[in-house]
Amino acid sequence: MPELPEVETVRRGLNQLTLNQNITGGDVLLNRTIAYPFSVDEFIHKIQGSAIMTWHRRGKYLLSELSPGAGYLGVHLRMTGQLLWLHRDEALHKHTRVRIFFGDQQELRFVDQRTFGQMWWVPPGVAVESVMTGLAKLAADPFSPEFTVEYLAAKLQNRRRPIKTALLDQSVVAGLGNIYADEALFKCGVLPETLCTDLQLEQIQQLRQVIIEVLETSIAAGGTTFSNFLNVKGINGNYGGVAWVYNRTGEPCRVCSNVIQRIKLGGRSSHFCPQCQR
């Protein structure tokens with residue numbers, strides 16, 4: 001699933017390629033991709049004629065401001081979604097779900113193999129959270145001023161659950177997922193099954209810092225591609241080649257040469273070094 005760095009990579013690409021361009025039409029190939037409005041014809045009608053002013057990211061959600069008075073366009077990539085900026089003559093991928101047309105025969109194409117991705121049109125004057133209801137449940141973004149040591153300590157210190165499981169909870173940290181939770185825990189030397197209540201304030205302080213550092217490093221590398229992720233130009237992310245522990249089971253630790261191990265926590269794989277993380 002695309003996590004914060006992958007979604008941020010897409011956001012930056014969209015802001016480079018799609019701004020101030022009028023939407024001339026579109027085509028919905030899989031109706032259930034459109035979460036709101038419930039009519040796909042209305043979805044296309046409401047965005048047609050508007051222009052994209054800018055793209056924002058909230059956690060793993062993308063939100064585009066449409067030209068004044070036209071509302072918002074929201075997207076969640078879920079597990080396998082891709083937003084691709086293509087010429088309209090490009091052959092359709094069999095998993096294409098939505099096409100949004102622009103001038104000069106360009107289009108923004110939403111491709112989604114697993115079909116869990118969603119798109120929304122939010123009417124003007126309506127609270128975005130009332131339509132894209134998942135936004136209301138999001139915690140602070142790691143790059144926001146609210147993501148302080150005090151904030152993270154308050155979220156963790158009364159939870160008797162493994163720290164890895166807590167970090168995947170979007171009501172604790174918005175945008176963090178399996179890849180970067182593993183990477184951050186390695187960087188601060190904490191085992192994934194460590195209970196939140198056992199963490200010292202100094203460890204929480206370090207954890208906050210390395211979460212930000214790991215995310216920044218991945219964004220600079222264009223995100224991680226292990227299966228489906230592509231940026232808007234169809235290019236893979238490069239962070240996977242320098243990952244500390246994620247997806248490196250059985251390989252030597254880049255720091256101590258011990259073998260990277262993997263366990264299951266809450267149904268998700270967790271990768272760690274038994275020497276560097278204690």
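Descriptive notes on the structure:
- Net lengthening on full extension, Gln200/Ser257 (0.36 nm per residue, minus Cα-Cα): 17.8 nm
- Electrostatic dipole magnitude of the range 4-135 [Cβ: Lys, Arg +1; Asp, Glu -1; Cα centre; debye, to 20]: 380
- Only Cα pairs under 8 Å and 6+ residues apart enter the sum, and on that basis the relative contact order of the chain stands at 18 percent.
- Per residue accessible area in Å² of the chain, where ligands, DNA and RNA are left out and the probe is 1.4 Å: 44
- Those chymotrypsin sites (Phe, Trp or Tyr not before Pro) in the range 32-66 that DSSP places in a loop and that have at most 12 other beta carbons within 10 Å: Phe38
- For the range 22-33, Karplus couplings with θ = phi - 60° (6.51, -1.76, 1.60), whole Hz, Gly/Pro x: 6, 7, 9, x, x, 8, 9, 9, 9, 4, 6, 5
- The HN-Hα couplings worked out from phi for the range 36-48 by the Karplus form 6.51 cos²θ - 1.76 cosθ + 1.60 (θ = phi - 60°) are 7, x, 6, 9, 5, 5, 5, 4, 5, 4, 6, 8, 5 Hz, whole numbers, x standing for Gly and Pro.
- Accessible-area composition of the chain, carbon plus sulfur, in percent [1.4 Å probe]: 47
- Charged side chains reduced to their Cβ positions (Lys and Arg at +1, Asp and Glu at -1) give the range 149-272 a dipole of some 320 debye around its Cα centre.
- Percent RCO, i.e. relative contact order, over the range 1-92, from Cα pairs under 8 Å lying at least 6 residues apart: 30
- Label-point separation, Leu19 to Asp169 (7 Å along Cα→Cβ), nm: 3.8
- Length-normalised contact order for the range 149-272 - Cα pairs under 8 Å, 6+ apart - percent: 23
- Positive-end residue, the chain charge dipole about Cα centroid, Cβ charges, pick of Ser270, Leu138, Val149: Ser270
- For the chain, size of Cβ-based charge dipole, Lys and Arg +1, Asp and Glu -1, in debye: 700
- Rounded to the nearest whole Hz, the Karplus-based 3J(HN,Hα) values (6.51 cos²θ - 1.76 cosθ + 1.60, θ = phi - 60°) of the range 78-95 follow the sequence 6, 7, 9, x, 9, 10, 10, 9, 9, 6, 5, 7, 4, 4, 6, 5, 5, 9, with x at glycine and proline.
- Coil-residue trypsin sites (Lys or Arg not before Pro) of the range 146-246, DSSP, other Cβ within 10 Å capped at 16: Arg159, Arg160, Lys233
The values are calculated or read from the model by the stated rules, or taken from the named source; none is laboratory data. All values reported here derive from a predicted model rather than from experimental measurement. Every residue, glycine among them, receives a Cβ derived from its backbone with ideal geometry; neighbour counts consider all protein chains shown. To get the accessible areas, we keep the full protein, side chains included, count just its heavy atoms, and leave off ligands, DNA and RNA. Shrake-Rupley method; radii C 1.70, N 1.55, O 1.52, S 1.80 Å.
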